[in-house]
Amino acid sequence: MVSFPFTTPHSDHQETEGAKLLADATVVSAELAGSPIWLALGHDACRKTLSDQRFSRAAAVGPGAPVIVRSAADPDVLTSIDPPRHAQLRRLIATAFSPRMVEAMAPRVQQIVDDLLDAVQAGDRPADLVPAFVAPLPITVICDLLGMPGADHARIGAWSRKLMASTAYTPEEIAAAVTDIREYLSGLVAEKRANPGSDLTSVLAAAPELTEVELLANLQMLLIAGHETTVNQLGNSIVALLRNPDQLALVGAKPELMPQAVEELMRYTRLTTSTLPRVATEDVELDGRLIKKGEAVIALTGAANVDPRVFTDPAELNIERTDRAVQLGFGHGTHFCLGAHLARLELRTALAAVVTRFPDLALAVDESELRWNEGTPVRALKALPVTW
């Protein structure tokens, strides 16, 4: 019997264990903490799992969920809600993340990138890009969007790291971070109601459709999800380009390929193994396997992104890839990443600037010496020492 979660170390840039299973089947039965669960491994199986509304996120959250996948996730947050309520809440928030609104943020994102890299160039070598560039860029962008002052960024980042951890902090430390961030957000909402601005917090705080509980839960989700994943994808992408100098040279010579490069880097680098669990609300056939009502299934997007059925030479980084399949790093279906347009803007702006300004960029240590935060569900660098 397959045991899940896998033990693939964060130093592995692709989902090796899932890829091995995928050679034989696109959907497999597995054990999670001794109880049965289904794993969707194939690209098509993952897409079906994430788009078929008979696989419910809400049914995997709270006291009524199967014990094996019962989540401590807030039931009032977008990622835990099913339609039709999900659509109502998403519409309230989605305007701020539309392609038009995101493109309007491009000059500000470019300014943040330039300011951070100016400081890197003026500093010592080697430089650690995690605290100098990779981490501050996304948190500055999302805090700007939410109307949070720059003086608060450091403590917001500290709370965020704890909330994204699985074993790196004690349950007491994580609980304290939850309390602290909710108190902070409550104060921020009160301030925005008294002195509203054009930021997203002001807009949501004035929305009568949101309960107070939903407001705070989703502000927390936007804050954490809105920067932690981008932080780690940016770091992973820089390492991947340095590992593949031919692809680094290609994107340097053809900057118009950067949007494609971002998608291929998200496919090639395993940010996380899987999506959140779902529970079948009725019997569902998935790639020839019967998922019975009440059984849980997890879509392993890390494996799907290296599925040889849809990607040619999936272990290779190929920015000029012509496969028709899309990478699933942003998910799929109802819960497709709300901030995908913003993440793409940040990644392409940041990577383009790094490639242009540091043509001789190199790791300052051997790749095997890079340190990873193993106690987190996402593949996260502790440090990224580079020279040029």
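Values in this text are rule-based calculations from the coordinates and carry no lab data. Everything numeric in this text was worked out from a predicted model, so none of it was measured. Positions of Cβ are backbone-derived with ideal geometry, glycine not excepted, and every protein chain shown enters the neighbour counts.
Values for this structure:
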read-out: Added length on full extension, which subtracts the Cα-Cα distance from 0.36 nm per residue, residue 2 to residue 20; value: 5.3 nm
read-out: Per-residue HN-Hα couplings for segment 314-326 [Karplus 6.51, -1.76, 1.60; θ = phi - 60°; Hz; x = Gly/Pro]; value: x, 6, 9, 7, 9, 5, 9, 4, 10, 4, 7, 5, 9
read-out: Whichever lysines have a C-alpha closer than 18 Å to that of residue 292, once near sequence neighbours (fewer than 8 apart) are set aside; value: 48
read-out: Label-point separation in nm, residue 246 to residue 281, each point 7 Å along Cα→Cβ; value: 4.9 nm
read-out: Computed [θ] at 222 nm, helices only, for the chain once each DSSP H run of length n ≥ 4 contributes -39500 (n - 2.57); value: -14000 deg cm²/dmol
read-out: About the Cα centre, charge dipole magnitude for segment 2-387 (Lys/Arg +1, Asp/Glu -1 at Cβ), debye; value: 660 debye
read-out: Chain lengthening between residue 313 and residue 362 when straightened (0.36 nm per residue, less Cα-Cα); value: 15.1 nm
read-out: At q = 0.09 Å⁻¹, base-10 log of I(q)/I(0) for the chain (Debye sum, equal scatterers on each alpha carbon); value: -0.53
read-out: Given the chain, longest segment not containing exposed loop GluC sites (Glu not before Pro) (DSSP; at most 14 other Cβ within 10 Å); value: 1-208
read-out: Under-5 Å amide H pairs with residue 286, H placed in peptide plane, nonlocal only; value: 291
read-out: Ascending count of other beta-carbon atoms within 10 Å, so fewest first, for 38, 159; value: 159, 38
read-out: Of the chymotrypsin sites (Phe, Trp or Tyr not before Pro) in segment 242-347, those whose Cβ has at most 14 other Cβ within 10 Å and which sit in DSSP loop; value: 336
read-out: Approximate spin-label separation residue 106-residue 121, in nm, with each point projected 7 Å along Cα-to-Cβ; value: 2.1 nm
